[in-house]
Each structure stands twice: as structure tokens, then as C-alpha cells.
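**Student:** Encoded as C-alpha cells, here's the structure I'll be asking about.
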Amino acid sequence: MGFETIFRMDGRVALVTGAGFGIGRSLAQGLAEYGAHVICADRDLPGAEETTAMILDAGGVADAIFVDVAQTQSVDGLFGEIARMTGKLDILINNAGISTGPKRLHELAIEDWDRLMGINLRGVFLCSRAAIPMMLEGGSGSIINIASIAGLVGYYPGSARLCANYAASKAGVIGLTRQVAIEYARDGIRVNAIAPGWHGGTRLGGARLAALSPEELARLEKMINDRIPMGHRGVPDDLVGLAIYLASSASSYVTGQVIGHDGGWSAE
């Protein structure tokens with residue numbers, strides 16, 4: 001293999017969930033730029049279609065498909081459509097996720113716990129479960145799960161900034177990643193996780209942030225940036241290089257890993 005092509009993904013099919021905005025959109029665009037045919041899946045179909053249009057305009061190959069990752073029937077429909085369209089799947093990025101607002105555990109509604117777990121953890125299970133048979137048939141595959149530093153370390157600066165259900169779901173994604181990586185290592189399927197820090201440019205906590213005054217928002221940003229050793233938040237495009245590495249042959253001997261992407265947050 002020539003090193004000049006080690007990151008290329010020409011001829012490979014990649015599925016990105018939650019591709020309609022933010023991190024999912026950036027990752028879908030990055031995979032397409034490196035040659036993959038990208039399936040942009042999202043519950044927000046217009047968002048997925050917009051991402052697809054951006055990829056097509058840039059000369060890439062992409063399709064948009066609706067999916068609700070928490071629903072078995074919807075996930076089965078997505079993978080049935082991929083099988084009909086492409087006949088294979090080489091790369092899966094489990095990115096779809098939500099948050100339910102900052103509350104301490106005793107304030108957390110059971111409904112919010114269940115709804116978040118359905119998307120953030122059950123969704124990763126359902127999509128991986130559906131993808132693996134296609135990857136087994138093809139003889140290889142790369143699954144990349146988007147976890148969070150919230151699944152690695154707690155954070156409570158005197159008032160809630162995260163929710164326990166979000167942290168628990170991302171810790172679950174990390175455990176799922178490691179176990180599935182071991183189960184399928186000898187089948188040529190690699191499974192890794194990226195644990196982003198406090199990245200801007202996503203929809204997580206969007207409603208809460210929109211309700212803050214400019215002064216409150218500035219205080220929140222300062223609090224977060226002061227906690228990050230690099231002194232600033234990441235943005236979705238910052239994750240593209242790492243995702244390309246994990247999706248491509250460049251990481252052919254890497255599996256079962258959880259890689260923090262947090263400006264040094266989890267190192268302290």
C-alpha cells in the first residue's frame with residue numbers, strides 16, 4: 001500500500017447518523033472528500049438533504065435517508081435501503097445523539113432518561129447490530145462511535161452543566177465500543193470511539209443556550225474555555241482528521257480505542 005493513498009476511501013460506502021447538522025455534517029463531508037459514498041441519515045431529513053447537497057456540489061457522492069435510530073423498524077428500513085442502493089457498507093459513524101438539559105439526578109425526569117437512552121445508546125446498538133452482518137459479508141469494516149468526555153470524567157462546577165443520563169449513555173457507548181471491538185477483531189471489523197469535549201457548533205443544549213442572555217452566554221463560554229488547557233472549544237470540523245484516520249486503512253491496527261478530542265480536558 002502506498003502511503004499517498006492510505007487515507008483514501010474510494011469505492012467504500014459510509015453511513016453517518018445525525019448527519020443533518022454539526023459534527024455529523026462535518027464528518028460526512030470529510031468522508032466524501034476522501035472518496036467515500038456517504039449515506040447521510042438523520043431524523044431531520046431536510047438537514048440530511050442539505051448535507052447531501054453540499055457534498056454533491058463539492059463533487060462527492062452522497063444520499064440522504066430518514067432514520068430514527070431509537071426505532072428498530074426505522075433502522076431496519078435504513079439498512080434495507082442501503083443494501084438496495086449499494087449492496088454493502090464499509091464504514092459506520094454512530095453520531096446521532098441528544099441532551100435533555102442540565103439537571104441534577106434527583107431533578108431528572110424518568111421520561112428524559114428513557115428518551116435520551118433510546119437515541120444515544122440504543123441507537124448505537126441498533127445501528128451497529130444492523131451494520132455488522134453487512135461488514136461480515138464484505139470481510140472488513142470500521143465502526144466509529146461518537147462518545148464524549150462526559151463518559152470518561154464527571155463535571156460539576158457548583159451547578160449542573162451536564163445531565164446524568166447523558167454521561168451514563170456515553171459511558172455505555174464506551175463500554176459497547178470496547179466489547180464489540182473484541183468480539184469482531186478477527187473478522188476484520190474495527191470498532192473505536194471518539195470522545196469529544198465541549199465542542200461548539202452542535203445542537204446539543206441548543207434550546208437552553210438560546211434562552212440565555214448575552215451576558216450569561218459569555219460567562220458560560222468563559223467558564224468552559226478556562227477549564228480547557230488549550231483555552232478554547234473545538235468545532236465540528238476539528239474532528240474530521242481523526243474520523244478520517246479511524247475510518248481509513250491508516251488505522252488498520254487500531255481497534256477498541258477511545259480517543260479523547262477535548263483540548264486536554266480529560267488529561268487534568
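**Student:** Take the residues in the stretch 183-215 that are out of contact with any strand residue (DSSP E or B) (no Cβ under 7 Å at 6 or more places or on another chain), more than 22 Å from D238 (Cβ to Cβ) and of a type in the set (A, V, I, L, M, F, W, C), then tell me which one is modelled with the lowest pLDDT.
**Tutor:** If we take residues in the stretch 183-215 being out of contact with any strand residue (DSSP E or B) (no Cβ under 7 Å at 6 or more places or on another chain), more than 22 Å from D238 (Cβ to Cβ) and of a type in the set (A, V, I, L, M, F, W, C), then A207 is modelled with the lowest pLDDT.
**Student:** From A28, A14, A19, grab the single residue that is part of a strand (DSSP E or B), closer than 20 Å to I143 by Cβ and among the small types (G, A, S). Show your work before the answer.
**Tutor:** Details: A28 fails: part of a strand (DSSP E or B); A19 fails: part of a strand (DSSP E or B).
A14 is the lone residue from the list that is part of a strand (DSSP E or B), closer than 20 Å to I143 by Cβ and among the small types (G, A, S).
**Student:** Continuing with the same structure: Can you tell me which residues in the stretch 251-260 are assigned to a strand (DSSP E or B) and out of contact with any helix residue (DSSP H, G or I) (no Cβ under 6 Å at 6 or more places or on another chain)?
**Tutor:** First pass over the stretch 251-260, keeping only residues assigned to a strand (DSSP E or B): 258-260.
Result: I259, single match.
**Student:** Now for a different question. Those residues that are of a type in the set (A, V, I, L, M, F, W, C) and either modelled with pLDDT under 95 or surrounded by 15 or more Cβ atoms within 10 Å (Cβ to Cβ) (or both), I need them from the stretch 106-117; list them, please.
**Tutor:** If we filter the stretch 106-117 for residues that are of a type in the set (A, V, I, L, M, F, W, C), which is where we start, we get 108-110, 113, 116-117.
Hits for the stretch 106-117 are L108, W113, L116, M117.
**Student:** May I pose another question? Report yes if I82 is in contact (Cβ under 8 Å) with a residue 60 or more places away in the chain and farther than 17 Å from L246 by Cα, otherwise no. Write out each step before concluding.
**Tutor:** Values: in contact (Cβ under 8 Å) with a residue 60 or more places away in the chain: yes; farther than 17 Å from L246 by Cα: yes.
The answer is yes for I82.
**Student:** Which numbered condition in (1) in contact with a Gly (Cβ under 8 Å, 6 or more places away or on another chain); (2) over 29 Å from N165 (Cβ atoms); (3) hydroxyl-bearing (S, T, Y) is the only one that T17 fails?
**Tutor:** Every listed condition holds for T17 apart from (2).
**Student:** Taking G77 as the residue in question, decide whether it is closer than 25 Å to R122 by Cβ, over 12 Å from the mean Cα position of the chain (by Cα) and in a helix (DSSP H, G or I). Spell out the reasoning first.
**Tutor:** Details: closer than 25 Å to R122 by Cβ: yes; over 12 Å from the mean Cα position of the chain (by Cα): yes; in a helix (DSSP H, G or I): yes.
For G77, the condition - closer than 25 Å to R122 by Cβ, over 12 Å from the mean Cα position of the chain (by Cα) and in a helix (DSSP H, G or I) - is met.
**Student:** A further question on this structure: Would you pick out the residues in the stretch 139-176 that are among the β-branched types (V, I, T) and part of a helix (DSSP H, G or I)? Please lay out each step first, then the result.
**Tutor:** Pass one, the stretch 139-176, residues among the β-branched types (V, I, T): 143-144, 146, 149, 153, 173-174.
Scanning the stretch 139-176 gives I149, V173, I174.
**Student:** Just to be sure before I move on: is G59 surrounded by fewer than 16 Cβ atoms within 10 Å (Cβ to Cβ) and either assigned to a loop (DSSP other than H, G, I, E, B) or among the small types (G, A, S) (or both) in the structure I sent? If you could, list the steps in order and put the result at the bottom.
**Tutor:** Working: surrounded by fewer than 16 Cβ atoms within 10 Å (Cβ to Cβ): yes; either assigned to a loop (DSSP other than H, G, I, E, B) or among the small types (G, A, S) (or both): yes.
Judged against the criteria, G59 is a match.
**Student:** Further question on the same structure: Going by the structure shown, is E111 closer than 19 Å to A19 by Cβ and either assigned to a helix (DSSP H, G or I) or of a type in the set (F, W, Y) (or both)?
**Tutor:** Values: closer than 19 Å to A19 by Cβ: no; either assigned to a helix (DSSP H, G or I) or of a type in the set (F, W, Y) (or both): yes.
Criteria not met by E111.
The values are calculated or read from the model by the stated rules, or taken from the named source; none is laboratory data. In this text the structure is predicted, and so the values were computed from the model without any measurement. In this analysis, Cβ positions are derived from the backbone assuming ideal geometry, glycine residues included, and neighbour counts consider all displayed protein chains.
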